[in-house]
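The values are calculated or read from the model by the stated rules, or taken from the named source; none is laboratory data. Note that the coordinates shown come from a computational prediction; the quantities given were computed from them, not determined experimentally. Neighbour counts run over all protein chains shown; Cβ positions are idealised from the backbone, glycine included.
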Amino acid sequence: MKVRASRLRDKRVVTTAGLVLGEVYDILVDEKNGDVVAFLVDPTDEAKRILRPEKDGLLVVPSHTFVSVGDVLVIDHNSYLTHMHKLGKVVSNVL
């Protein structure tokens, strides 16, 4: 399935456990092969209490964590949290 990048802007990003991370702000693309590497997400206040955004205030959500693209973008909760733990970006173990 192909989706225009412009249609993904401002779409809500939610984990499979129901945590609303925020809305898509931008997309990172590999210059060499054109693959989508990650989505930059403008986080909700709840997400900021649990996860540490980058210096620009955005969350980097790797494309390999996405399981569904539709009215909302759904990511695998465990895969994403494992990724964030490895980066030292989890502030709270509320989840």
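Key figures for this structure:
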item: Residue ID - modelled with the lowest pLDDT, chosen from residues in region 1-28 that are of a type outside the set (D, E, K, R) and more than 14 Å from the chain's Cα centre (by Cα); result: 1
item: Evaluation of residue 35 against (1) in contact with a helix residue (DSSP H, G or I) (Cβ under 8 Å, 6 or more places away or on another chain); (2) surrounded by 12 or more Cβ atoms within 10 Å (Cβ to Cβ) (one fails), failing number; result: (2)
item: Residue under evaluation residue 42, criteria (1) surrounded by 11 or more Cβ atoms within 10 Å (Cβ to Cβ); (2) of a type in the set (D, E, K, R); (3) closer than 26 Å to residue 88 by Cβ; (4) in contact (Cβ under 8 Å) with a residue 24 or more places away in the chain, criterion not met; result: (4)
item: Test for residue 59: is it in contact (Cβ under 8 Å) with a residue 60 or more places away in the chain and under 20 Å from residue 6 (Cα atoms); result: no
item: Members of region 62-77 that are surrounded by fewer than 18 Cβ atoms within 10 Å (Cβ to Cβ), of a type outside the set (Ser, Thr, Tyr), without any contact (Cβ under 8 Å) to a residue 60 or more places away in the chain and touching a strand residue (DSSP E or B) at 6+ places or on another chain (Cβ under 6 Å); result: 62, 67
item: Single match in 25, 80 (criterion: touching a Pro at 6+ places or on another chain (Cβ under 9 Å) and either surrounded by 12 or more Cβ atoms within 10 Å (Cβ to Cβ) or polar (S, T, N, Q) (or both)); result: 80
